[in-house]
Amino acid sequence: MYIGIDLGGTNIAIGIVDENGKIVHEESCETRSEREPQELIDDMIALVLKVLDEYHMQLNEITAIGVGIPGLADKDGNVIFCVNLGWRNVPLRKMLEDALHTPVYIDNDATVAALAEYESGSMQNCKSGLMLTLGTGIGGGIILNGEIYSGFNGVGSELGHTVIGENFYNCNCGRNGCLETFASSTAIIKYTKKLIMEMNEPTIIMENVEGNIDNLNAKIIFDCAKKGDKIATLAVNRLIKYLGIGILNIVNFIDPEIIVLGGGIAGAGQYLLDLITKEVIANKYYKDLPIAKIVLAQLGNKAGVIGAAMVAKHGDV
């Protein structure tokens, strides 16, 4: 058995996971990210012990613990930075191992989600795959020959920060043109607001936000596009165009067998899938060769806990 810890900006989820990637017991608590790292880590430790107690297991029955973080950890398990948590250079692995006396393995949350999909979701029975989590930003996870690929310094799957064009606002990383400024929920919301201000065009979007543009979200935009709203359709088409560019750039590098889309944007379901598949096929470089199948993630918000546990199983940091 393994413990998977999904350390998010809003919640900490912890589960006991078996060899096959099945969660047998799970608990969560609020992150309250404004606190010092030690306080959050104390909560993680307490929740691990609580989960074990509730399931009537002893700590020595756990082979290893995996942690998915919204940031970057080095090969020694030190969190180099976690923007959402305000962490820099936190020795997370050592702190957890000292308290729990169990091996701990750490990786990026998007990477562990990809591993979860590989083990027990959309990537099952595939040798190589790519996962893009399309949420507030864009995270990436790469699986090559059944193993996580993170690169020499652990930043090899920061796919949301590949530059694909010039944009009207800068990324929160400080650069202009990152994929996540074109194809995330943040991106489509910003662009839709821009269109509403500039076009002076009637739109059902305003009815759906009850007259308050601050209520706008990606789901509303996609729903309005499905109904033929001009502004929503323009915004969705732009997202699809640039997501297609991003996917094709990645395909040209690693030629994966399958591409999995997760995160809030993927909630648009088959509508999104049909649009992006058509875009990618129309613009692929090798016209006569097949291209990676594009599918939706299957595990939803369980991917973080499952993937973290699978990182522990594989023993990868």
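What the table below lists for this structure:
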| quantity | calculated |
| --- | --- |
| Residue match in segment 196-215 (condition: modelled with pLDDT of 95 or more, of a type outside the set (D, E), under 30 Å from C82 (Cβ atoms) and assigned by TED's automatic domain parsing to the domain that holds G139) | yes |
| Matching residues in segment 10-32 - criterion: being assigned to a loop (DSSP other than H, G, I, E, B) and surrounded by fewer than 18 Cβ atoms within 10 Å (Cβ to Cβ) | T10, D18, E19, N20, K22, R32 |
| Criterion (in the same structural domain as D255 (by TED's automatic domain parsing), more than 25 Å from the chain's Cα centre (by Cα), of a type outside the set (F, W, Y) and in a loop (DSSP other than H, G, I, E, B)) met by exactly one of G228, G151 | G228 |
| Answer from A64, A113 - the residue that is hydrophobic (A, V, I, L, M, F, W, C) and either crowded, with 21+ Cβ neighbours inside 10 Å or in the same structural domain as S184 (by TED's automatic domain parsing) (or both) | A113 |
| Exclusive hit being farther than 21 Å from L130 by Cβ, in contact (Cβ under 8 Å) with a residue 24 or more places away in the chain, in the same structural domain as Y286 (by TED's automatic domain parsing) and surrounded by 15 or more Cβ atoms within 10 Å (Cβ to Cβ), set V251, V260, V236 | V236 |
| Top-ranked residue of segment 265-294 - restricted to ones that are crowded, with 20+ Cβ neighbours inside 10 Å and not in a helix (DSSP H, G or I), ranked as farthest from the chain's Cα centre (by Cα) | A292 |
| Filtered residues of segment 188-214 (kept if in contact (Cβ under 8 Å) with a residue 24 or more places away in the chain and either touching a Cys at 6+ places or on another chain (Cβ under 8 Å) or on the phi > 0 side of the Ramachandran plot (or both)) | T203, I204, I205 |
| Residue list for segment 35-48, filter: loosely packed, with under 14 Cβ neighbours inside 10 Å and either touching a residue at least 12 places away in the same chain (Cβ under 8 Å) or in a helix (DSSP H, G or I) (or both) | Q38, E39, A46 |
| Close pairs (7 angstrom Cβ cut-off, 6 or more residues apart or separate chains): farther than 30 Å from I14 by Cβ in segment 277-306, part of a helix (DSSP H, G or I) and of a type in the set (D, E, K, R) anywhere | E279/K241 |
| Failed item in (1) surrounded by 15 or more Cβ atoms within 10 Å (Cβ to Cβ); (2) over 20 Å from A312 (Cα atoms); (3) touching a Phe, Trp or Tyr at 6+ places or on another chain (Cβ under 6 Å), with W87 passing the rest | (3) |
| Residue in segment 296-310 that is outside any helix (DSSP H, G or I), within 25 Å of D109 (Cβ to Cβ), in contact with a Gly (Cβ under 8 Å, 6 or more places away or on another chain) and of a type outside the set (A, V, I, L, M, F, W, C) present | yes |
| Selection status of K194, part of a helix (DSSP H, G or I), surrounded by fewer than 16 Cβ atoms within 10 Å (Cβ to Cβ) and in contact with a Phe, Trp or Tyr (Cβ under 8 Å, 6 or more places away or on another chain) | yes |
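The values are calculated or read from the model by the stated rules, or taken from the named source; none is laboratory data. Since this is a predicted model, take the numbers as computed values, not measurements. Cβ coordinates were reconstructed from backbone atoms using ideal geometry, including for glycine residues, and neighbour counts include every protein chain displayed.
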